[in-house]
Amino acid sequence: MAGRALDAKIAVARAAGAVSRRAGRGGGTSLPGKVLMRLQPDAIGRLAARLPHGSAVISATNGKTTTAAMVASILEHGGARLVHNRAGANMAGGIAATLMGAATRGGLDGDTGLFEVDEFWLDRVVPQLRPRALLLANLFRDQLDRYGELDTIADRWATLVTTVPDTTLVLNADDPLVADLGRPRADGVTYFGVQDTAVARETLQHASDSTHCRTCGAAYVYDVVFLGHLGHYRCERCGAARPAPTVTAHDVVLRGVRGASFRLVTPEGEASVALPLPGLYNVYNALAAAALAGALGAPLADVVAGLEAVGAAFGRAETVTIAGRETTLMLVKNPAGANEVLHTLALEDGEHDLFAVLNDNIADGRDVSWIWDADFEVLAPRVRRATCSGTRAPEMALRLKYAGVPTDRITVVDGLAAGLDAALDGGEGRLFALPTYTAMLALREELVRRGVAGSSFG
């Protein structure tokens, strides 16, 4: 009886979404879920309970969507039928909408849930999903006007993990804030991390966020730094240190925007992985995906096959052809992520044409001061042309000027469409588009309007 009542409410929520879409007000990803939760506040938990193989949850500041795509590729290679919020709607409404989208009469069209969840919504969604495994991949400074300091989120996560003692934690050993979450547990924790010191940076970057021990407050000593504050660290006052990971990357080779390779070592064995996505940040995403998939029981062969077959999510190193010119789209939304994109581009030969789109909409964060902590200096000598657009285009142009890009190579163009045309015209070779989050969404709409083909849109 209760199941039939829930199914009736799902039908109402679906109808509300259909009406909204026909009226041109959207509603395809989150609105039906919001309607359903108003009608049935425990809908997420009740629908998740219909999954025969349970679910897994992924959260992080950077890389959630790409890591989820990697895990999906692995699990689907092994035959899983996923209920997965692929569209990226990762708050409660989006999770509910994903589950109701798969709902059948009394069941679900899928056997395993895979949910990317916004870091600030995690403690409201996970207790309802009761996942088999929870992957927490990193915590970087992001949208401080929305989320506050990193410790705010870390404290919420620390409280959350105590409420799900039967959920396996999959944690980044190289991120001090994340690794700390597993210390109270005697078991049920899988750590992952990079072991290859050849790809380390010389010093901590300006974008380093978590550099002090949460146990005693002393500054960490870093023996190795990889990305932002990720590395091999220890506290000389209280002895807290990076835990030993069991899923690790060795022999890392970075090939600019063409991809990366590494030797993956797991408790099940080791294998070489040729990753079609670029940068050390995607090696971290791949490690996270491998660790989570392993915790769910995926064999090593499926892990490797899934990682090597994964495609880029839109705006995350996806290359499309626009007006006859190859364009690589690389999302930048905070200092740590921007630095990895910049260092990846620095591995490419020759000079580069950039299309930098800086927005300050709510989903981007109103505070754009983070661009001054991103190391644009590493790429500045190699910039041939830079076209700046977006709501804060002048600030981006000023940042590039102070990074060392000559002013006669920088152009500010109002409007995304006009800016894209200006960036495409008169240049040569590949164009690199660096949009913030809402700029990326607007760019996707513009490319659909132009009839551009891509693997994840249009």
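Computed from the coordinates by the stated procedures, all read-outs in this text should not be read as laboratory data. As the structure is a prediction and not an experimental result, all values here were calculated from the model. Cβ: placed from backbone, ideal geometry, glycine included. Neighbour counts: every protein chain shown.
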Open item on the list: No partner Cβ under 4.7 angstrom, meaning no disulfide-compatible partner by this rule: which Cys of the chain qualify?
Closed with: Cys388
Open item on the list: With Cα Rg over 2.2 N^0.38 Å as the read-out, I listed (i) 0.91; (ii) 0.97; (iii) 1.12; which label goes with the value calculated from this structure?
Closed with: (ii)
Task: Nearby lysines by direct alpha-carbon distance to Lys401 (threshold 24 angstrom, same-chain neighbours under 8 apart not counted) - done: Lys333
TODO: Quick one: check the C-alpha center-to-center distance for segment 45-62 versus segment 262-306, whole angstrom.
DONE: 21
- [ ] List the DSSP H helices in the chain whose Cα atoms stretch 24 Å or more along the helix axis and whose mean Kyte-Doolittle hydropathy is at least -0.5.
- [x] 2-22
TODO: Once you have a ≥ b ≥ c as the square roots of the Cα gyration tensor eigenvalues for segment 70-159, tell me rounded if a/c is under 1.5, and otherwise prolate or oblate according to whether a/b is larger than b/c.
DONE: prolate
- [ ] Give me the aspartates and glutamates in straight-line cross-link reach of Lys34: C-alpha distance below 18 Å, same-chain residues under 8 apart excluded.
- [x] Asp7, Asp42, Glu116, Asp118, Asp123
Task: Cα centroid of segment 81-120 to Cα centroid of segment 154-218, whole Å - done: 27
TODO: Let me have the 222 nm mean residue ellipticity of the chain computed from DSSP H runs of 4+ only, each contributing -39500 (n - 2.57), with the sum over all residues rounded to the nearest 500.
DONE: -10500 deg cm²/dmol
TODO: Just the number, please: percent antiparallel of the DSSP beta bridges in the chain, rounded to the nearest 5.
DONE: 45
